[in-house]
Amino acid sequence: MNAKSSSTGTFLQGRACRIDLSVPRVMGILNLTPDSFYDGGRHAGVDLALRQAAQMVEEGADLLDLGGESTRPGALAVSAEEELERVVPVVRALRRELDIPLSIDTTKSSVAEAALAEGAHFINDVSAMEFDPAMAAVIAGAGAGVFLMHTRGTPETMQHDIRYRDLIAEVMGYLELGARRALDAGIGTESICLDPGIGFGKSLEGNLAILRNLSRLGALGYPLLLGTSRKSFIGKILGLDDPQDRLFGSVSTVALAVAQGTKIFRVHDVRATREAALMAAAVCHC
Ligand code: HH2
């Protein structure tokens, strides 16, 4: 199957799991970090993480995304050892306690490898496997699925220069390159999902331009993941400094993205997102 034919396909293949994309899907965020911009410190440690995961499953999450390193603008990198300590015990516990596909938000192949060995199903790499040259082979070797996101620079530097000659073309080129890296390593077309990276090296206007052009990004031939949840561009438009207040703004972006064919939403608020996405899909037949 080539990339084009997979755009009309209705599933995303992970390691030993398949996500049906005939309706929009919700990826619940589970940050195991002390410093994430919204939920930092809230779910660190196995017990708190399990409780939050169970709550998201109850609310209708289709998969969970576990992160051991914040990627908010300005965040400092953490060591692989630290990230492993945060992520691996939670993957182990979740695999024991809950039946839901797990994605690991990491750019480090050693973290990906350990989490996949514990039974994780997908890797979510915010550098589209650019930062760690060993990443693609690790994912291919485990037969896992991958979320490839556009960024420019590391979280520490990505907001230093947010000017583009043609933002949409650059994002598309970067994601195509990531998909090529994946295919060359032996990851199947049906295991690749792309993400334009809202807030990663983008201005307010850039984020809005992406949200207006999701159909163009979809034409790359892979399903799209979108992460707008409670991000600062919503706060800038609505005058809401506290991420706590940005739920309604977040949910409205989800409905608009469903109308343009986006399939998976990475969010903190599972129930609100799911209901908005399903309503939008019913209206738009998508
Ligand atoms: N956004 C964040 C982290 N990982 N992965 C993908 N694929 N797409 C995104 O938009 C995305 C992501 C940042 O959000 P969050 O995890 O809530 O915060 P932090 O990076 O501070 O942990």
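Within region 28-44, the set of residues being more than 9 Å from the ligand (Cβ to nearest atom), crowded, with 17+ Cβ neighbours inside 10 Å and of a type in the set (Gly, Ala, Ser) comprises Gly28, Ala44.
Suppose we filter region 13-62 for residues that are in contact with a Ser or Thr (Cβ under 6 Å, 6 or more places away or on another chain) and under 19 Å from Ala93 (Cβ atoms); how many remain? It would help to see each step written out before you state the result.
Here is the first cut: in region 13-62, the residues in contact with a Ser or Thr (Cβ under 6 Å, 6 or more places away or on another chain) are 13, 21-22, 26, 33, 35-36, 40.
From the residues that got through so far, the ones that are under 19 Å from Ala93 (Cβ atoms) too are 33.
So the answer is 1.
The one condition from (1) touching a helix residue (DSSP H, G or I) at 6+ places or on another chain (Cβ under 8 Å); (2) open to solvent by 30 Å² or more (accessible area, probe 1.4 Å); (3) under 20 Å from Cys17 (Cβ atoms) that Ile139 does not meet is (2). The residue list Leu247, Leu238, Leu183, Leu208 contains one member that is modelled with pLDDT of 95 or more, of a type outside the set (Phe, Trp, Tyr), over 23 Å from Phe11 (Cα atoms) and more than 16 Å from the ligand (Cβ to nearest atom), which is Leu238. For first residues located in region 151-176 and touching a residue at least 60 places away in the same chain (Cβ under 8 Å), partners that are open to solvent by 70 Å² or more (accessible area, probe 1.4 Å) and lie 6+ apart or on another chain with Cβ distances below 6 Å form the pairs Gln159/Pro73. The set of residues in region 10-27 that are in contact with a strand residue (DSSP E or B) (Cβ under 6 Å, 6 or more places away or on another chain) and either charged (D, E, K, R) or within 11 Å of the ligand (Cβ to nearest atom) (or both) comprises Arg18, Asp20, Arg25, Met27. Listed here are the helices (runs of 4 or more DSSP H) enclosed by region 61-149 that have at least 3 residues being among the charged types (D, E, K, R) and away from the ligand (no atom under 14 Å from the Cβ): 80-97.
For region 68-105, which positions are within 18 Å of Ala117 (Cβ to Cβ) and small (Gly, Ala, Ser)? Selection gives Gly68, Ala80, Ala93, Ser103.
Restricting attention to region 174-195, and to residues there that are more than 20 Å from Cys17 (Cβ to Cβ) and not small (Gly, Ala, Ser), which single residue is nearest to the chain's Cα centre (by Cα)? My answer is Leu175.
The set of residues from region 53-79 being of a type in the set (A, V, I, L, M, F, W, C) and at pLDDT below 95 comprises Ala75, Leu76, Ala77, Val78.
The values are calculated or read from the model by the stated rules, or taken from the named source; none is laboratory data. What you see is a predicted model; the values in this text were computed from it and never measured. Positions of Cβ are generated from backbone atoms using ideal geometry, with glycine treated the same way; all protein chains shown enter the neighbour counts. In case anyone asks, the SASA skips ligands and DNA or RNA and just uses the protein heavy atoms, side chains included. Shrake-Rupley method; radii C 1.70, N 1.55, O 1.52, S 1.80 Å.
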